[in-house]
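The values are calculated or read from the model by the stated rules, or taken from the named source; none is laboratory data. Just so you know, these numbers come straight off a predicted model, no measurement behind them. Because the Cβ atoms are built from the backbone with ideal geometry, glycine has one as well, and the counts that use them run over all protein chains shown. With ligands, DNA and RNA removed, areas are computed over all heavy atoms of the protein, side chains included. Shrake-Rupley method; radii C 1.70, N 1.55, O 1.52, S 1.80 Å.
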Amino acid sequence: MSDEPTAAGKAPRLPRDERRRQLLAAAQEVFVGNGYHGAAMDDIAVAAKVSKPVLYQHFPGKRDLYLALLDSHLAELTQLLVDAIRSTDDNKLRVHATMRAYFQFIAQDSKAHRLVFESDISNEPDVSRRLEEFNAHFANAIAGVIAGDTQLSMVEATLLGRGLAGMAQISARYWLETDGSLDIDAAAELIYRLAWRGISRFPKEI
């Protein structure tokens, strides 16, 4: 199903799914450039080259646009991290793959990372709940690796998992600010080595 034709000079009719992707891409540009509070549906319609009625056919408001983008990016990042953890049974390699996957997500779409983790509405309940669910899932996945490889309790392993998840996020965000002055593989390797040296010092599970 296509949306209605727009006025002259506007975008041509597109299938609904394709139009939705176009609107989300335009919204991301506006949100990252202006911040959530500085963004307006008018701006997004202009960026997408559609009329406001077409925009409202797909999304009732900018909140719906933002949450759709947030859900999409968090799902993508979660899958990348889960795939990394499941990629091997060697826990040392798992930590390496996980850190590399996080840096890769930022490298392939820095705007997605900024929208998710540097938003001016991160404390809004619907946003903070989604971020906490992601952080908990990420930390718990790491905790499972730690608990399975050490004599630590699950509570202790989860605390470390939270710490390692935070380390990945903060270091990757800093790396993004260096504008390529440090190679992605070198950056991910440094953080992996720091993480693994810490984990590997705990007594092994017998």
Only one of ALA75, ALA97, ALA107 is free of Cβ contacts under 8 Å to residues at least 24 places away in the same chain, assigned to a helix (DSSP H, G or I), surrounded by 15 or more Cβ atoms within 10 Å (Cβ to Cβ) and of a type in the set (A, V, I, L, M, F, W, C), namely ALA97
What is the residue count in region 86-97 for residues that are of a type in the set (Val, Ile, Thr) and more than 13 Å from ARG193 (Cβ to Cβ)? 1
Give the residues of region 21-62 that are within 15 Å of LEU115 (Cβ to Cβ), touching a residue at least 40 places away in the same chain (Cβ under 8 Å) and either surrounded by 15 or more Cβ atoms within 10 Å (Cβ to Cβ) or among the basic types (Lys, Arg) (or both), sorted by residue number. LEU23, LEU24, ALA27, GLN28, GLU29, PHE31, VAL32, TYR36
Here are some residues: THR158, THR150. Which one is buried (at least 18 other Cβ atoms within 10 Å of the Cβ), out of contact with any Pro (no Cβ under 7 Å at 6 or more places or on another chain) and polar (S, T, N, Q)? THR158
Picking from ASP185, ASP120, which residue would you name as being at pLDDT 90 or above and either part of a helix (DSSP H, G or I) or in contact with a strand residue (DSSP E or B) (Cβ under 9 Å, 6 or more places away or on another chain) (or both)? ASP185
TYR66 versus (1) open to solvent by less than 20 Å² (accessible area, probe 1.4 Å); (2) farther than 27 Å from GLY35 by Cβ: which is the lone unmet condition? (2)
When you go through (1) at pLDDT 90 or above; (2) open to solvent by 50 Å² or more (accessible area, probe 1.4 Å); (3) touching a helix residue (DSSP H, G or I) at 6+ places or on another chain (Cβ under 8 Å); (4) not β-branched (Val, Ile, Thr) one by one for ASN135, which number turns out not to apply? (2)
